[in-house]
Structure formats: structure tokens, C-alpha cells
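Undergrad: For reference, the structure I am asking about is given below.
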Amino acid sequence: MKSLYFIFFSLILMSCSQERSYPWLSDLDAEIEFIESGKNLMGLEYGLHPLEVVTKEETEILIAVHGMSSNGYEWVYPLKTLDNQETLTLFFRWDDGNGCPNSSFRMLSREIAALLEENISIKKITLMGHSYGAILVSMFSETWQSDTQLNIHSVAGPLIGSKKLNNLCNYSQPLFINPNVSFYEWRTQKKLDGAFKDLKIDPQIINLENSNIVRLPEVYRGKKLGHNWSISWVADEINSL
């Protein structure tokens, strides 16, 4: 069933995209209709969704993982910026409102395993999680067992957790990075981040050996660089490398 799903999923969705306003990457509008494009992303059912037709010729996979109560628009420009001919870009819509990311982490793990099983040409997977979504992707740091290279990007991620998250969900900040994993922490300026500025400590700061840490600037394109637009700055930065 899994193989049938990934072979025919894109074609089936293409035939009914007009009725469902399926957020194909080529249709997402980063300039004018980005709010509506974001709503279409967040209107997806829970699970992993390809945003373009799967050809099985891709060598890389990019998976975007949204944060809590996301409107989706913050992902439109980054996804269009980071995608290229070698990359299959997907969006992971998950139940961020149930308190714990554990079940969604297991779901995403299964989906990734299926992708790798069906497409042996994949050489690298990039997981990019924003805000609360960064907590979910950080859980792969210690659990990744595949020989495939995994790049984890935590963007404005409160990786230190919280009392509720730590106690009720048994979450703990990542303590080590497994082989074949690269970890990147893209930290916003706490004083400018609407999600963190009123907290006593910066929840983005953890001590993870061999992690790549970048503190974002205060200004992006002439405007204050806060929580949501941090992904756009990171996408530009990655794209320039």
C-alpha cells in the first residue's frame, strides 16, 4: 500500500487539486496571496504531503515542519526558495495542539522510512522545523539510524522545552548527535522574538556538542526580524551557501 501511495499520490491529487485547493509548490504565492497559500498548507490533513509530483529521480528530500498554531504563510517563501530540481519538497502537517509531539514524531519517522525504502536514489534528507516544530525535528538527533545523511534545522526553536512538555510528554532537549546527522540551530534575537521576548531565559539556548549555531540578525530586508520571518532569512542563508 505504501508504494502505491507514493507512486500515485501526486497524480491523484493533481486531478482534484482545483476542488481542494491543494497547495502545489508551483501554485504557492510568496508575494501577494501568501496568506491564502498558507491557509492551503495548513488545510492539509495530518501527515506528510509532497508539494510537487514525485518522480523518484530526486536525490534529496526537504521536509518542512510547522510550529504551534501556525498560519502557514511563513513557509511559502522559504519552500519556494529552497526547492530545486534535485529536491522533493514536502510539508508535514501535524497535530500541534494535542500537547505532545511524540505521536507525530513516530508518524513522521514511519513516513520517512517509507520514502527511503521506495526511492533508493535519495542521498540526503533535510528536516526544517520552526518554533514548536523544531522540538519535533530535534527528536531525530538521537534516534536517526539510517545511513542516509540527515540535516536537522531548528529555526527559532525553544529546544530547552517547558515544564509541561518535559513532565507530561517526557521530552528532554537533545543531548547528542548520531552519526550521519548534522544539527543546525538558527536562533532569533530573543528581545525581538514575540514568542520569547517576555520569557526570563532564552529557550533556544541548549548545550549540544557539535551543533552548528547561528544567531540571526536584528533586521531582514529593512524590517525587524522576528519569529515568523526567521525561516525566510534562514532559507536565503542556506540558498547562498
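Residues checked against (1) closer than 23 Å to TRP75 by Cβ; (2) polar (S, T, N, Q):
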site: ASP147; (1), (2): no, no
site: ASN170; (1), (2): no, yes
site: TRP186; (1), (2): yes, no
site: ALA195; (1), (2): yes, no
site: PRO203; (1), (2): yes, no
site: ILE213; (1), (2): yes, no
site: LYS223; (1), (2): yes, no
site: VAL234; (1), (2): yes, no
site: ILE238; (1), (2): yes, no
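Undergrad: Just give me the residues in region 159-200 being within 14 Å of SER138 (Cβ to Cβ) and free of Cβ contacts under 8 Å to residues at least 12 places away in the same chain, in sequence order.
TA: ASN166, SER172
Undergrad: Shifting gears a bit: Quick check on my filter: what residues within region 120-144 are in contact with a Leu (Cβ under 8 Å, 6 or more places away or on another chain), assigned to a loop (DSSP other than H, G, I, E, B) and farther than 15 Å from ALA64 by Cβ?
TA: Answer for region 120-144, where residues must be in contact with a Leu (Cβ under 8 Å, 6 or more places away or on another chain), assigned to a loop (DSSP other than H, G, I, E, B) and farther than 15 Å from ALA64 by Cβ: ILE122, SER141, GLU142, TRP144.
Undergrad: Turning to a different aspect of this structure: Please go through region 36-72 and give me each residue that is over 26 Å from LYS123 (Cα atoms) and among the polar types (S, T, N, Q), ordered by number.
TA: SER37, ASN40, SER69, SER70, ASN71 - these are the residues of region 36-72 that are over 26 Å from LYS123 (Cα atoms) and among the polar types (S, T, N, Q).
Undergrad: If you don't mind, there's one more thing I want to ask. At pLDDT below 95, more than 27 Å from LEU165 (Cα to Cα) and crowded, with 20+ Cβ neighbours inside 10 Å, is that true of LEU115?
TA: Here the answer is yes, as LEU115 does meet what is asked.
Undergrad: Right, next: What residue, among those in region 1-37 that are over 18 Å from the mean Cα position of the chain (by Cα) and among the polar types (S, T, N, Q), is modelled with the highest pLDDT?
TA: Filtering first and then ranking leaves SER26.
Undergrad: Shifting gears a bit: If we scan region 91-112, do we find a residue that is of a type in the set (Lys, Arg) and either under 17 Å from SER154 (Cα atoms) or not in a helix (DSSP H, G or I) (or both)?
TA: Within region 91-112, the subset of a type in the set (Lys, Arg) is 93, 106, 110.
Then keep just the ones that are either under 17 Å from SER154 (Cα atoms) or not in a helix (DSSP H, G or I) (or both); that gives 93.
Yes: region 91-112 contains one or more residues that are of a type in the set (Lys, Arg) and either under 17 Å from SER154 (Cα atoms) or not in a helix (DSSP H, G or I) (or both).
Undergrad: Which members of region 38-67 meet the condition of being in a loop (DSSP other than H, G, I, E, B), touching a Phe, Trp or Tyr at 6+ places or on another chain (Cβ under 9 Å) and either of a type in the set (Lys, Arg) or at pLDDT below 95 (or both)?
TA: VAL53, VAL54, LYS56
Undergrad: Another question about this same structure. State whether the residues of region 134-157 include one that is acidic (Asp, Glu), in contact with a His (Cβ under 8 Å, 6 or more places away or on another chain) and closer than 29 Å to LEU199 by Cα.
TA: There is no residue in region 134-157 that is acidic (Asp, Glu), in contact with a His (Cβ under 8 Å, 6 or more places away or on another chain) and closer than 29 Å to LEU199 by Cα.
Undergrad: Restricting attention to region 174-199, which residues are more than 22 Å from LYS124 (Cα to Cα) and either touching a Phe, Trp or Tyr at 6+ places or on another chain (Cβ under 6 Å) or at pLDDT below 95 (or both)?
TA: LYS190
Undergrad: Shifting gears a bit: When you check THR59 against the structure, is it surrounded by 18 or more Cβ atoms within 10 Å (Cβ to Cβ) and β-branched (Val, Ile, Thr), yes or no? Spell out how you get there, then give the answer.
TA: Values: surrounded by 18 or more Cβ atoms within 10 Å (Cβ to Cβ): no; β-branched (Val, Ile, Thr): yes.
No, not satisfied.
The values are calculated or read from the model by the stated rules, or taken from the named source; none is laboratory data. Everything numeric in this text was worked out from a predicted model, so none of it was measured. Note: ideal-geometry Cβ built from the backbone for every residue, glycine included; neighbour counts use all protein chains shown.
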